[in-house]
Amino acid sequence: MYTILKKRALNPTVTLMEIEAPLVARKAQPGQFIILRVDDAGERIPLTIADYDVHAGTVTIIFQIVGATTEKLNHLNEGDCLHDFVGPLGRATETAGKKKVAVVGGGVGCAIALPVAKKFHEQGTEVHAIVGFRNKDLVILEDEFRAASDRLFLMSDDGSCGEKGLVTDALRQLIEGGEQYDEVITIGPLIMMKFVCALTKTYGIKTVASMNPIMIDGTGMCGGCRLTVGGETKFACVNGPEFDGHLIDFDEAIARSSMYKPFERKRYEETCRLFEKEVR
């Protein structure tokens with residue numbers, strides 16, 4: 001069993017958990033993910049590894065409460081156990097040979113971007129982190145990003161924290177100001193990554209996008225994370241989750257991901273009603 005050693009709410013809809021999983025921690029790398037089940041009757045869901053500690057034997061996950069399983073997961077507390085916790089899976093982020101990078105994260109995608117920025121920073125790469133949120137109440141991991149980057153740019157849609165604007169605004173200003181990046185790594189909502197990649201393409205800057213947001217099963221069997229990359233069919237969980245952002249058909253990926261929203265909403269509401277009955 002996999003014990004929850006720490007639980008912390010990062011904002012009203014995002015939770016951090018530190019899980020005791022020494023075998024997973026021993027092999028984990030930034031960019032990889034795990035698959036968990038809350039109980040023996042639960043569905044399997046993939047979550048990206050947000051951090052890991054080889055010596056303590058722990059793996060940190062950060063998740064947004066958006067569906068039935070994440071709602072169930074959020075009802076667990078420190079000392080409770082997960083039924084399954086398998087990994088690490090997926091291809092790790094390639095960090096070697098880069099002198100300067102920009103790591104662009106949006107919303108809960110910042111949880112995935114942080115270990116990537118941290119890995120680059122630890123190996124001596126100059127890291128410019130650009131993170132964006134809708135407002136100050138949704139900001140997560142600001143202090144952690146400051147520690148893992150040489151320069152941090154915090155953006156918000158309404159200007160309630162950092163600078164008002166989009167992550168692409170900050171990235172464009174840096175590029176036009178003379179910053180030369182070996183690579184841009186972007187992780188966040190599909191629409192955000194689409195426009196980050198469109199921007200960097202005009203400047204000819206290599207860009208990697210994480211397609212973690214579209215993963216469902218995590219093993220390649222369900223086909224739910226199928227996407228087109230450079231005219232070829234790929235699976236985010238098996239072939240990725242990171243791909244050349246300039247080759248991804250984002251419009252197709254966005255359309256496919258929206259297909260599941262009505263079902264996810266229905267299951268989430270059903271689960272919430274079950275918890276309400278238990279409380280009564």
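Selection of the stretch 160-183 for residues being surrounded by 13 or more Cβ atoms within 10 Å (Cβ to Cβ) and part of a loop (DSSP other than H, G, I, E, B) yields Ser160, Cys161, Gly162, Gly165, Leu166, Glu179, Tyr181, Asp182.
Selection of the stretch 44-87 for residues being buried (at least 19 other Cβ atoms within 10 Å of the Cβ) and among the acidic types (Asp, Glu) yields Asp51, Glu71.
So that you can scan it fast, the table gives a plain yes or no per residue for (1) in contact with a Ser or Thr (Cβ under 6 Å, 6 or more places away or on another chain); (2) over 24 Å from Phe235 (Cα atoms):
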| position | (1), (2) |
| --- | --- |
| Thr93 | no, no |
| Lys98 | yes, yes |
| Gly107 | no, no |
| Ile112 | yes, no |
| Pro115 | no, no |
| Lys118 | no, yes |
| Thr125 | no, yes |
| His128 | no, yes |
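Pairing residues of the stretch 184-202 that are touching a residue at least 24 places away in the same chain (Cβ under 8 Å) with residues that are assigned to a loop (DSSP other than H, G, I, E, B) and of a type outside the set (Lys, Arg), at Cβ distances under 7 Å and at least 6 apart in sequence or on separate chains, gives Val184/Ile205; Thr186/Gly245; Met193/Gly245; Cys197/Gly245; Cys197/His246; Lys201/His246.
Restricting the stretch 26-50 to residues that are small (Gly, Ala, Ser) and more than 18 Å from the chain's Cα centre (by Cα), the residue that is farthest from Cys237 (Cα to Cα) is Ala41. For the stretch 148-159, a tally of residues being surrounded by fewer than 21 Cβ atoms within 10 Å (Cβ to Cβ) and either closer than 28 Å to Leu227 by Cβ or modelled with pLDDT of 95 or more (or both) returns 5.
Select from the stretch 142-157 the residues that are touching a strand residue (DSSP E or B) at 6+ places or on another chain (Cβ under 7 Å) and farther than 24 Å from Ala96 by Cβ and list them in ascending order. Within the stretch 142-157, Glu142, Arg146, Phe153, Leu154, Met155, Ser156 meet the criteria. Elements of the type strands (runs of 3 or more DSSP E) sitting completely within the stretch 199-240 and holding at least 2 residues that are within 23 Å of Phe33 (Cα to Cα), of a type outside the set (D, E, K, R) and modelled with pLDDT of 90 or more: these cover 207-210.
The values are calculated or read from the model by the stated rules, or taken from the named source; none is laboratory data. Because the structure is a prediction, the values reported are computed rather than measured. In this analysis, Cβ positions are derived from the backbone assuming ideal geometry, glycine residues included, and neighbour counts consider all displayed protein chains.
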